[in-house]
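K.L.:
Before anything else, here's the structure in question.
The values are calculated or read from the model by the stated rules, or taken from the named source; none is laboratory data. Because the structure is predicted, anything quoted here is derived from the model rather than measured. Heads up, the Cβs are rebuilt from the backbone with ideal geometry, glycines too, and the neighbour counts pull from every protein chain shown. For accessibility, only protein heavy atoms count, side chains too; no ligands or nucleic acids. Shrake-Rupley method; radii C 1.70, N 1.55, O 1.52, S 1.80 Å.
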Amino acid sequence: MYTEKVMDHFQNPRNVGEIEDADGVGEVGNVKCGDIMRIYLKVEDNVIKDIKFRTFGCGAAIATSSVITEMAVDKTIDEALELTNKQVAEELGGLPPVKMHCSNLAADALKTAIEDYKKNNK
Amino acid sequence: MKRVYLDHAATTPLHPSILDVMLPFYKELFGNPSSVHSFGREVKKHVDKARKQVAESINADLDEEIIFTSGGTEADNLAILGVAAALKEKGNHIITSSVEHHASLDTCDALAKEGYRVTRLSVDEHGVIDLEELKSAISKDTILITLMHANNEVGTVQPIEKVSKIAKEHDIYLHTDAVQSFGQIPVDVNQLGVDLLTISGHKIYGPKGIGALYVRKGTKLKNLAHGGGQENKIRPGTENVAGIVGLGKAAEMASNSVDEMQEVEKKRDRLIEGLLKMDDVKLNGHPEKRLPTNVNVSIEYIEGEALILSLDMEGIAASSGSACTSGSLDPSHVLMHMGLSHQTAHGSLRLTLGKGTTDEDIDYVLDRVPKIVERLRNMSPLYGK
Amino acid sequence: MKRVYLDHAATTPLHPSILDVMLPFYKELFGNPSSVHSFGREVKKHVDKARKQVAESINADLDEEIIFTSGGTEADNLAILGVAAALKEKGNHIITSSVEHHASLDTCDALAKEGYRVTRLSVDEHGVIDLEELKSAISKDTILITLMHANNEVGTVQPIEKVSKIAKEHDIYLHTDAVQSFGQIPVDVNQLGVDLLTISGHKIYGPKGIGALYVRKGTKLKNLAHGGGQENKIRPGTENVAGIVGLGKAAEMASNSVDEMQEVEKKRDRLIEGLLKMDDVKLNGHPEKRLPTNVNVSIEYIEGEALILSLDMEGIAASSGSACTSGSLDPSHVLMHMGLSHQTAHGSLRLTLGKGTTDEDIDYVLDRVPKIVERLRNMSPLYGK
Ligand SMILES: Cc1ncc(COP(=O)(O)O)c(C=O)c1O
Ligand SMILES: Cc1ncc(COP(=O)(O)O)c(C=O)c1O
Ligand code: FES
Ligand code: FES
């Protein structure tokens, strides 16, 4: 069902947790299956220095959350905004078709967090 | 790694003594039971014997009341579509419940699309239907009540005997899906008072791909498939002989295993007790009227599939009513109709015990589940706020 | 007593290496392929592999074009009823032949009762349809041509490729029942140009109770049964895993056995030659366009069931198109439609060879049949007049 990489990120998720004094926080809920993903950012000089997540969701939801934190860290805000759901799925070696909506969640959560950061720093 | 299989409601391991009775039919006894010659006639005898075994196991009056099918799903389809087609002159109303297995649920939906009127009885918080609601649903058009004996997700047992009394008063056929109950609690077609009853091989330590529909003599039922004269022309096709023989033996063993189930029930109770020690965990289904093998709990703040996968990595096979496990968008219709919130239904965990489940298995699960739950909760944005 | 099985068209013995691949699924690999945990996932892989084996064996483009069913009968029903239901807005005319297997014949009859128009093409004395008759039967309402690849009684092979060209010109779906041909002559869905094709496990040294329908991608087909999401929602129900795995292997072996069949054909020819040495015996079916395993002769002045029973007492398993063997009132519809008289059809004998048939078997049969025939003829009031 899931690739080895999905299972690895599911079992050993990277960057789980919260950042107390986060510069941006984004939460998205998947109305479809009721899952929730929250991402915390620490930004310095427009670069994502630290990123953490919490997710209520399936294996794919947790794995996509985990992998997007790896993909986003050390990227500039603009680079991070360019990350797509498709890239997230590809990074994991693919997701089962029925799970594609879970990967939507990860990129959306990151975007929401970045938008929150931008708003806070206007 | 230790492996603990606690998903017996999904399927059971084949009992070795059932495999033993099947093997000759994969070897020397390969004839087609419809053949006139001795290769066929020998095999026919064993098909007849299996029919008798199944009939006796559910206390049917006549062997010919047993129709072998390719499984529980086909038997449910045959019962519901077959009665609907046979009685379409009489009426077009069918009563079922909102917590049926998909084999019945979707079949009733298909009939609804064809213009039949389908009433789906609601259930209470424990998953039990309301007899008064049933009574008031009955109309002169009602031709069939189809109601599962025990639920596959939460193990809740429905009051079939009482439903039967009501059905008889109104001269309405009653079908029950006994796929989950058979072999766990008494299943006796006369005591239950049903006209049609479904069983499936692979839920009673028999083979997959074989099941049977009990059809009380005189019950009007139209065949769905056409072809040879097998199964009284109700269900044509060369018989799955090994499967049938396996089902015969499995049914015999199932009807003798109700005692054994008391032992399983003790382990189940210990498992439930242990799980309920965790915070924010509650039991789904009926506290007493439930199958002796069924544990179903909702664990707040976490999602079922993540839990199942984590358990799997510890060697524990379990199941969940989470939408994510099924690939559908909504969590279990059973849990939702019992009034659980979307989120609580998402966090459901079903552990179903079997005859081979040991006390060590229970200990192992009770050791691992809390650790996994803690890990997942720590990852959850819903927890600890 | 020597036992000679010459009824391979009724069913074949399971090949031991097929049983070997099935056994693990009756033992440790017992999981439900729909389960998320590893017990289920492991098994799922093998179901997928079997699907690939079947797809490759008939040269299907995609694995997902294979739908597993409970046998050839169900696959025929699914093809015919499924297309009829899916295309009922488009038209209500179906073309078939008068010599189909009951699985197709009776299914078309059922549709005729429901108001579909069914054309049953006649056949010539050898059992072959007439392409001109086919062409003129086609109308703008025609939605399906269903025509068996090779006949189960007389082994006659139909010109499916030519039928396909005609079907394509008119944009009509073509289904063929390849239950008998598969494993004996090349069966390639692309070469044959069919949209749907039926196979059955137990005719190709695989298990009983499993079959498959090939459904070309894009073909509109309605499911007949309702329930879980198995087999792409076209055929729900927990998979008969051992059967599926066995069918996968059997299909693989079948597609590789066309060479082996040349050896069988030689034995068949010797058997035919020997039988025709008797007086008043004639070959039924086509002299060349016939399956390499099929012998079907009419033996005047005697009745088939008496012959079958007598052969059985000598250890020889055979079959007949006599009305008496089937318990119906008319002899084989196939033989009758080929123009045989009632009486000649009654005296038909079908001997179908298999991979295991030896030259000694043929010698034995050629020694016994004439003696039995003589004995029965001496009893017959029709003989010697
Ligand atoms: C209550 C119930 N009915 C029907 C079925 C379907 O039976 P089968 O898997 O044999 O098709 C199942 C199991 O899947 C079940 O639990
Ligand atoms: C031509 C043909 N079609 C269909 C079938 C039915 O297949 P099954 O016996 O698997 O139901 C048979 C054999 O009985 C057959 O010979
Ligand atoms: S979170 Fe529900 S399917 Fe992934
Ligand atoms: S002679 Fe007895 S059934 Fe035909």
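K.L.:
Tell me, which residue of the range B:338-348 that is within 14 Å of chain A (Cβ to nearest Cβ) and surrounded by 24 or more Cβ atoms within 10 Å (Cβ to Cβ) is nearest to residue B:129 (Cα to Cα)?
P.N.:
So the residue we want is B:345.
This table checks each residue for (1) of a type in the set (A, V, I, L, M); (2) away from ligand 3 (no atom under 16 Å from the Cβ).
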site: B:271; (1), (2): yes, yes
site: B:303; (1), (2): no, no
site: B:313; (1), (2): yes, yes
site: B:326; (1), (2): no, no
site: B:338; (1), (2): yes, yes
site: B:347; (1), (2): no, no
site: B:359; (1), (2): no, yes
site: B:367; (1), (2): no, yes
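K.L.:
Moving to a separate point now. Of everything in the range B:207-236, what is within 16 Å of ligand 1 (Cβ to nearest atom) and either open to solvent by less than 20 Å² (accessible area, probe 1.4 Å) or in contact with a His (Cβ under 7 Å, 6 or more places away or on another chain) (or both)? Give them in sequence order.
P.N.:
Matches in the range B:207-236: B:207, B:208, B:209, B:210, B:211, B:212, B:213, B:214.
K.L.:
In the list B:291, B:335, B:275, B:271, which residue meets the criterion of being surrounded by 17 or more Cβ atoms within 10 Å (Cβ to Cβ) and within 14 Å of chain A (Cβ to nearest Cβ)?
P.N.:
The conditions single out B:335.
K.L.:
Restricting the search to the range C:210-257, which residues are under 14 Å from residue C:58 (Cα atoms), within 14 Å of chain B (Cβ to nearest Cβ) and among the basic types (Lys, Arg)?
P.N.:
Within the range C:210-257, just C:249 meets the criteria.
K.L.:
Quick check: anything in the range C:21-30 under 23 Å from residue B:102 (Cβ atoms), buried (at least 21 other Cβ atoms within 10 Å of the Cβ) and facing chain B (nearest Cβ under 10 Å)?
P.N.:
yes
K.L.:
Check off (1) at pLDDT 95 or above; (2) within 14 Å of another protein chain (Cβ to nearest Cβ) for residue B:56 and give me the number that stays unchecked.
P.N.:
Every listed condition holds for residue B:56 apart from (2).
K.L.:
Got a sec? Which of A:30, A:15 is away from ligand 2 (no atom under 16 Å from the Cβ) and open to solvent by 50 Å² or more (accessible area, probe 1.4 Å)?
P.N.:
From the options A:30, A:15, the qualifying one is A:15.
K.L.:
Do any residues in the range B:192-218 that are free of Cβ contacts under 8 Å to residues at least 12 places away in the same chain have Cβ atoms under 9 Å from those of residues that are more than 16 Å from ligand 4 (Cβ to nearest atom) and open to solvent by 10 Å² or more (accessible area, probe 1.4 Å), where the two are at least six apart or on different chains, and which pairs are they?
P.N.:
B:218/B:195
K.L.:
Let me ask something else about it. Only one of B:64, B:89 is away from chain C (no Cβ under 14 Å), open to solvent by 20 Å² or more (accessible area, probe 1.4 Å) and over 22 Å from residue B:236 (Cβ atoms); which?
P.N.:
That would be B:89, the only listed residue that is away from chain C (no Cβ under 14 Å), open to solvent by 20 Å² or more (accessible area, probe 1.4 Å) and over 22 Å from residue B:236 (Cβ atoms).
K.L.:
Conditions first: (1) touching a helix residue (DSSP H, G or I) at 6+ places or on another chain (Cβ under 6 Å); (2) open to solvent by 20 Å² or more (accessible area, probe 1.4 Å). Residue B:324 passes all but one, so which condition is the exception?
P.N.:
Condition not satisfied by residue B:324: (2).
K.L.:
Any residue at all in the range C:327-337 that's of a type in the set (S, T, N, Q) and away from ligand 2 (no atom under 16 Å from the Cβ)?
P.N.:
There is no residue in the range C:327-337 that is of a type in the set (S, T, N, Q) and away from ligand 2 (no atom under 16 Å from the Cβ).
K.L.:
I'd like to check something: does the range B:6-18 contain any residue that is under 26 Å from residue C:356 (Cα atoms), more than 7 Å from chain C (Cβ to nearest Cβ) and not polar (S, T, N, Q)?
P.N.:
Taking every residue of the range B:6-18 in turn, none turns out to be under 26 Å from residue C:356 (Cα atoms), more than 7 Å from chain C (Cβ to nearest Cβ) and not polar (S, T, N, Q).
K.L.:
Collect the residues in the range C:73-86 that are open to solvent by 10 Å² or more (accessible area, probe 1.4 Å), within 12 Å of ligand 2 (Cβ to nearest atom) and either within 14 Å of residue C:148 (Cβ to Cβ) or away from every other protein chain (no Cβ under 13 Å) (or both), keeping them in residue-number order.
P.N.:
C:73
K.L.:
For residue B:171, only one of the following conditions fails: (1) open to solvent by 10 Å² or more (accessible area, probe 1.4 Å); (2) in contact with a helix residue (DSSP H, G or I) (Cβ under 9 Å, 6 or more places away or on another chain). What is its number?
P.N.:
The single condition residue B:171 does not satisfy is (2).
K.L.:
Counting only residues that are hydroxyl-bearing (Ser, Thr, Tyr) and at the interface with chain C (Cβ under 10 Å from one of its Cβ atoms), which one in the range B:92-114 is farthest from residue B:175 (Cα to Cα)?
P.N.:
B:107
K.L.:
Which of the residues spanning the range B:313-335 are farther than 17 Å from residue B:352 by Cα, touching a strand residue (DSSP E or B) at 6+ places or on another chain (Cβ under 8 Å) and assigned to a helix (DSSP H, G or I)?
P.N.:
Correct list: B:324 only.
K.L.:
I've got another one for you. What are the residues in the range C:312-322 that are in contact (Cβ under 8 Å) with a residue 40 or more places away in the chain and closer than 11 Å to residue B:36 by Cα, if any?
P.N.:
Once the filter is applied, which keeps residues that are in contact (Cβ under 8 Å) with a residue 40 or more places away in the chain and closer than 11 Å to residue B:36 by Cα, the range C:312-322 yields C:317, C:318, C:319.
K.L.:
Still on this structure: Residue B:163: touching a His at 6+ places or on another chain (Cβ under 8 Å) and more than 20 Å from residue B:77 (Cα to Cα), yes or no?
P.N.:
For residue B:163, the condition - touching a His at 6+ places or on another chain (Cβ under 8 Å) and more than 20 Å from residue B:77 (Cα to Cα) - is not met.
K.L.:
Here is a follow-up. Pick from the range A:33-68 the residues that are within 13 Å of ligand 3 (Cβ to nearest atom) and surrounded by fewer than 24 Cβ atoms within 10 Å (Cβ to Cβ): which of them is nearest to residue A:88 (Cα to Cα)?
P.N.:
A:36
K.L.:
Looking at the range B:294-312, which of its residues are open to solvent by 10 Å² or more (accessible area, probe 1.4 Å), in contact with a strand residue (DSSP E or B) (Cβ under 9 Å, 6 or more places away or on another chain) and among the acidic types (Asp, Glu)?
P.N.:
If the condition is that a residue be open to solvent by 10 Å² or more (accessible area, probe 1.4 Å), in contact with a strand residue (DSSP E or B) (Cβ under 9 Å, 6 or more places away or on another chain) and among the acidic types (Asp, Glu), then B:300 is the only one that fits.
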